[in-house]
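J.: Following this message is one structure expressed as structure tokens.
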């Protein structure tokens, strides 16, 4: 389906046949196996129910510096450890005498003040790994020992909600690379980079002819018929997504920078449009890169905070306008935090613990956990006090209404954060 895939251009009406259409529709690839992912089965058009809760995950990729997000402005050791990078007290929006939100994330602080954001401090996992790839695998699969499992915590959540995989539009991923979090045994995500480029990858005159050819019921149950139906369903889903996004109109002022809307804004506006259109996804997954701030952090991190906080605030306001805010919970995490001390490149290196954010109308608000000590460190890093899997367990039990033991295992007690 991706427009970036190579495809064979077929010309002339007489040359079109089922195999040619299928070849073009799937971007030129006819390779498949008998055990294909469930996303290639028939996609359900069941409208979401009012009681169906939605989870929106917003991933900070690269290792967000939590100390420049939730700033310990009342702790002297912070300013001693970062003589050049520490956020000045006058650029902090205080929560209390010890911590506050960096001023460049003012829209998020407003959500916090309104009771629509919860900050969980000192989040990590035992025996931390400072590799981006390994640590992110841990966060995605909720497993940090032994072989990497083939499924992620979101995929397992949906497998428990819908064991037969009947609802194949339940997970939607926006980004360049799909991750393990959204992979289930019976569920695979719909994944695309940009909604307006998600669709037919064949000749311009082929899509309508392909649909006309395949309106009739499949002639048999062979593999080609199965894959043919796959293509029909995928084309239909992509059209539905493109139309929902292109037709979306809202009076809410979404942020637009000098170079146009940020990726955070584009992605969350797409999610708002799909929720408005009653698209049946239960989980939306988006991400924002640029957080690996080994150098020049003071020039990069503030802009990332502005883009994220403005986008999530506009998203929340749009959900309130649509009267859908009570159905949507947002989660933001990063694979690890940064070291306490600044480095010699005016940046910070890979660390361990960091804050996690839960926000939207359903949360109770406030701060969970104590700020990690800036003197009792783990090889120069903040020590984690809250295992991230307790947050996943809380989402599974209290928001998605599934047994958390089936998602993260029985050893993690669910963290409570809903209002």
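Each value in this text was obtained by applying a stated rule to the coordinates, not by laboratory testing. All values derive from a computational prediction rather than experimental measurement. Heads up, the Cβs are rebuilt from the backbone with ideal geometry, glycines too, and the neighbour counts pull from every protein chain shown.
J.: Please list, by residue number, everything in segment 267-297 whose backbone N is under 17 Å from a paramagnetic label point 7 Å out along Cα→Cβ of residue 243.
T.: Label zone hits: 273-281.
J.: Would you mind pulling out the separation of the Cα centroids of segment 395-419 and segment 81-122, in Å?
T.: Each part reduced to its Cα centre gives a spacing of 28 Å.
J.: Calculate the length of the line joining the C-alpha centroid of segment 245-266 to that of segment 305-345, in whole Å.
T.: 16
J.: Moving on. Efficiency by 1/(1 + (r/R0)^6): what FRET value for residue 295 and residue 113, r their Cβ-Cβ distance, R0 = 45 Å, to the nearest 0.05? Intermediate values should be presented prior to the final figure.
T.: On the way: r = 34 Å, r/R0 = 0.75.
After rounding to 0.05, the efficiency reads 0.85.
J.: For a Förster distance of 45 Å, can you work out the FRET efficiency between the beta-carbons of residue 130 and residue 416, rounded to the nearest 0.05?
T.: On the way: r = 30 Å, r/R0 = 0.67.
Using R0 = 45 Å, I get an efficiency of 0.90.
J.: Report the gain in length on full extension from residue 194 to residue 375: 0.36 nm times residue separation, minus Cα-Cα distance, nm rounded to one decimal. Let's see the in-between values first.
T.: On the way: separation 181, 0.36 × 181 = 65.16 nm, distance 4.45 nm.
Stretched out fully, the residue 194 to residue 375 stretch lengthens by 60.7 nm.
J.: Assign one of three labels to segment 268-312, namely rounded, prolate or oblate, based on the Cα gyration tensor with a ≥ b ≥ c the square roots of its eigenvalues; rounded applies when a/c is under 1.5, prolate when it is not and a/b is larger than b/c, and oblate otherwise. Don't skip to the end; give the middle numbers.
T.: Numbers: a/c = 5.85, a/b = 2.74, b/c = 2.14.
Verdict is prolate for segment 268-312.
J.: Classify segment 240-346 from the C-alpha gyration tensor, please: rounded if a/c falls under 1.5, else prolate or oblate depending on whether a/b exceeds b/c.
T.: Because a/c hits 1.5 or more and a/b exceeds b/c, segment 240-346 counts as prolate.
J.: Given an 8 Å cut-off on Cα distances and at least 6 residues of separation, report the relative contact order of segment 297-419 as a percent.
T.: Details: 156 pairs, mean separation 24.1, N = 123.
Once normalised by length, the contact order is 20 percent.
J.: Once you have a ≥ b ≥ c as the square roots of the Cα gyration tensor eigenvalues for segment 265-419, tell me rounded if a/c is under 1.5, and otherwise prolate or oblate according to whether a/b is larger than b/c.
T.: Values: a/c = 2.36, a/b = 1.31, b/c = 1.80.
Note, shape of segment 265-419 comes out oblate.
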